[in-house]
Each structure stands twice: as structure tokens, then as C-alpha cells.
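First the structure, in the form of C-alpha cells, and then the observations on it.
Each value in this text was obtained by applying a stated rule to the coordinates, not by laboratory testing. Computed from a predicted structure; not experimentally measured. For neighbour counting, all protein chains shown are included, and Cβ atoms are generated from backbone atoms with ideal geometry for every residue, glycine included.
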Amino acid sequence: MTTSEISGFYKKNPEERWKVLREFGNLTEEEVRTIGNTGALKFDQVDRMIENVVGTMPIPLGVAVNFRVNGRDYLVPMAIEEPSVVAAASNSAKMAREKGGFHASTSGPVMIGQVQLVHVPDPHSARLAILHAKEEILRRSNEKDPILVKLGGGAKDVEVRVVPTTRGPMVITHLIVDTRDAMGANAVNTMAEAVAPYLEEITGGRVYLRIISNLAVKRLARARAVYSAEAIGGPEVVEGILEAFAFADADPFRCATHNKGIMNGIDAVVIATGNDFRAVEAGAHAYAAWKSGGYHSLTTWERNSAGDLVGTIELPLAVGLVGGATAVHPTAKACVKLLGVKTAQELAEIIASVGLAQNFAALRALATEGIQRGHMGLHARNIAATVGAVGQEIDRVAEALVKEGKVRMDRAKEILDELRRSKGGR
């Protein structure tokens, strides 16, 4: 097979799909079996999650230890392939415990649904007309999800903006929806679609987009921690972290990597619990740019009167405990049970704390021995395994790579060959 134009691929059974892969990619039977392995899931389960399923892509699942958030201890599941992330979060959480761990809160599980109106002849008058019709808009919205309303959620408010664009002014209506313990995309989108015809009727405009916003500025999670100067290496380390933070907050080129490090921890927990890490990523980076008119750090770092380091984080965290993969993926369900969280807000508080811990670990490493030392030690093990090392060979090859400061594939192969020759000569 040499063409990717395949009709009805989704209708094929698993064996037929794997046959296509084998022929198109010239794959071996072992490679096809590897792709087709679905791990903790049954094939029919993943086949219902997305389209054209051929298998799953497993990534390592670790547990960050030492976390104490709002006086309660947690073991935090983290799904990530990058070395040193779980270890760094655990070590950071341990150092935070001396001063009470993490103190976290949320602003509530409130999402924004947007309805776009264009070709409105009098946009500012239309804005007031929409606000005047608020109660009717809320009624029509809440008709679509009576169960959410019964649980205390539902559409709570209406906001309207006139947005200048290259296509002329647009009237953008925001539905403010309390989604309770759901992430809320389906509920919010359904409500936005339901009120669209009514908005056209009262404004004379034309609706195009009706969709949730991932810039969830009304669904913020916050966390704070104090790190004893003595526990983290002394006043010089505090000073170094403050200098590193100032650099990141001032320079978008540095800040992109700084915030990426924060998201290393956040995404790992979001993935482990079956939530939408793409939505969380988009919201976090948009918030980093929106909150102060430029792209800045999601965290702040200061020195208190005692000379200790104080870190804070605030970002949108639209995560849920019901619906989506969280409700159907067996590993995600087990991870949520391990956490023992009862509400989506509690989950968001833990995730924000992990993000703050991850940022502290990265800044401390950068301000002291450099980021590569711990990272490359674990990376060296991956390199060793990649070139064929097994068992104790992995440790010995990795140790040699780190000692030489040459964590490269070619050098790993040379060391492994030398190691095996020395064994054979005995």
C-alpha cells in the first residue's frame, strides 16, 4: 500500500487497521504489536475515545511524594516522559514542608462561553440590549442543563464586550457558567449554541462562533509556599532565585522556558487525572500574557522579613472530576482515587501547588549547580538503554557518561562496547 487515501478506515476492525499500518509503513509484526498494545484499556474502550484507533501511546506514570496542601498530605500522580520532573517536584515539596507546605485556594469552577455577533449596525446599543435581556438569556441557557442547575451550577451571569477587529466591530457575549465538578466544555458550548438565535433576534446581527474560552480568568487556582533560606542552601541561593525570577519576568525569551517548566508539573498531573492538558496549557500561557499586558511569569518570588523565600502562583485551571477521560479511563480513575480529592477545586489546588514546586526546583537548580546536573543524570540512563544496555549495564554506562560530561549516543555505545569487551576478557 502506497497511498494514505483510505475510505472507511474507522469501519475496519483492529486486525484490518493493523494490516494497513503493516503494509503502508513496512512494519514488522513486533512493531505492529507494540503500536496495538492498549495497556490498562481494552481496545473497544479506546476505540470509543477517538477516531481511527490503532493502539495507545503509554508514558511513564510516577508519584510525587512529600506534598502537603492546606494541611493535608497527598501522593500526587504525574504522567510524563521527561527525566527529573517527578524527583524535582518531590524534593521541592519536602523542602516546603518545614514552613507548612503549600497553601492553596481557587476562585470557583466558573467558565466563560463566547457568542460572536458580527454585522451589528449599532454595536454599543446592541451591547446594552443584550445586558437588558440577561434574565431571558440565563433562562434559555439553564434549560439546556437542568442537572447542572440542580447541583448548584449553571449560567450565572452575562457580560458583553464590543471588540474592534480587522473585519469591523464585533459584539461578544460572555456566558458566565458555574460548571461545578466538570471541566464544562460540553455544557458551556451547548448553552452558547442555545442562546445564539435569541441574540441575533434582539440585535439584528449574525452569530458565527459559539464556544467556550480556555482563558478561564474566572476559574483561577492559587498556591503559596515559604522556603526556609537555611533549608534551600542559604541567603545566596535565595538571592540567586530572585535574580533568576526577575530575568524570567522581564524577558519573554527566558519566560517561555520558565513557564514551560511550571507546566511540566501541571501537565503531568492533568494528564494523570484524565483532564485536558491542551486546554490548561492554552489558558495558562494566555493568562501569562493577558494579566499584565505582556508575557510574564505565572509565579512570583520574594524574600520576606525573615530572609526566607516566598513563592506564589496564580493561573486558570479548568479541570474536572466528572465527564471526559476522567470518568472512563481506568488509570485516570485510579489516580483520582489515589489523590482522594472530592471536588474539582481541590484538584486544582493540588495542581497549582505542583506547578509552584516545579518552578522552585528549576530556579534553585539554575541558581546553583545548573539545570543539567540532575536532568542529565536521568537522561544518561535513557541514552544507555537506547544503545542496548541492560540491567546493571545501564547504571554503569550512565555513570560514566555523567562523569565525563558527554551524555551522547555515540559515547554511550563506545562505553557499552568497552564494558562488554572487558567482561568477555575475564
Per the C-alpha gyration tensor (a ≥ b ≥ c, the square roots of its eigenvalues), segment 231-352 is rounded if a/c is under 1.5, else prolate if a/b beats b/c, else oblate; here it's prolate
Percent antiparallel among DSSP beta bridges confined to the chain, rounded to 5, stands at 95 percent
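If Lys and Arg each add +1 and Asp and Glu each add -1, what is the summed charge of the other residues whose beta carbon sits under 11 Å from the beta carbon of H103? Walk me through the numbers on the way to the answer.
On the way: positive: R68, K99, R222, R224; negative: E349.
Neighbour charge sum, excluding H103 itself: +3.
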Mean-square fluctuation maximum in Gaussian network of the chain, Cα pairs under 10 Å, restricted to S228, S107, S92, hits S107
Once Lys and Arg are counted +1 and Asp and Glu -1 for all other residues with Cβ under 9 Å from that of I415, the total becomes -1
Among I351, V280, H174, the residue whose Cα sits farthest towards the positive end of the charge dipole of the chain, when +1 is placed on the Cβ of each Lys and Arg and -1 on the Cβ of each Asp and Glu, is I351
Inter-part gap, Cα centre of segment 237-286 to Cα centre of segment 190-217, in whole angstrom, is 32 Å
Going fewest to most other Cβ atoms within 10 Å around each Cβ, S7, S84 line up as S7, S84
Contour minus Cα-Cα span, V322 to E31, at 0.36 nm per residue, comes to 101.2 nm
Cβ density ranking, 10 Å radius, fewest first, applied to R254, R161, R222 yields R161, R254, R222
Sequence order, segment 53-60: Karplus ³J(HN,Hα) from phi using 6.51 cos²θ - 1.76 cosθ + 1.60, θ = phi - 60°, Hz rounded, Gly and Pro as x, gives 5, 10, x, 10, 10, x, 10, x
Residues of segment 289-333 with backbone N under 15 Å of the label point set 7 Å from the Cα of A256 along Cα→Cβ are 289, 295-297
So for segment 72-161, using the alpha carbon gyration tensor with a ≥ b ≥ c as root eigenvalues (a/c under 1.5 gives rounded; past that, a/b versus b/c decides prolate or oblate), I'd call it prolate
Links exceeding 26 Å between C-alpha atoms in this model, out of K260/K291; K94/K403; K11/K333; K94/K342, come to K94/K403; K11/K333
If amide H atoms are modeled at 1.01 Å from N in the peptide plane, then the residues at a separation of 5 or more from L315, or on another chain, having amide H under 5 Å from its own are A221
Ranked by GNM mean-square fluctuation in the chain (Cα springs under 10 Å), the top entry among K11, K333, K291 is K11
Per the C-alpha gyration tensor (a ≥ b ≥ c, the square roots of its eigenvalues), segment 373-424 is rounded if a/c is under 1.5, else prolate if a/b beats b/c, else oblate; here it's prolate
Looking only at lysines whose Cα falls under 18 Å of K423's and that sit 8 or more positions away or on another chain, we get K413
Rounded to one decimal in nm, the spacing of the 7 Å Cα→Cβ label points at V163 and L209 is 0.5 nm
For the chain, Rg(Cα) over 2.2 N^0.38 Å is 1.16
Segment 410-424 and segment 305-336 have their Cα centres apart by a whole-number Å value of 44 Å
For K337, the lysines lying under 21 Å Cα to Cα, once residues fewer than eight places off in the same chain are dropped, come out as K42
Longest principal axis of the chain (C-alpha) makes with the long axis of helix 344-367 (C-alpha) an angle, in degrees to the nearest 10, of 50 degrees
As straight-line cross-link partners of K156, the qualifying lysines (C-alpha separation under 19 Å, not fewer than 8 residues apart within one chain) are K134, K144, K218
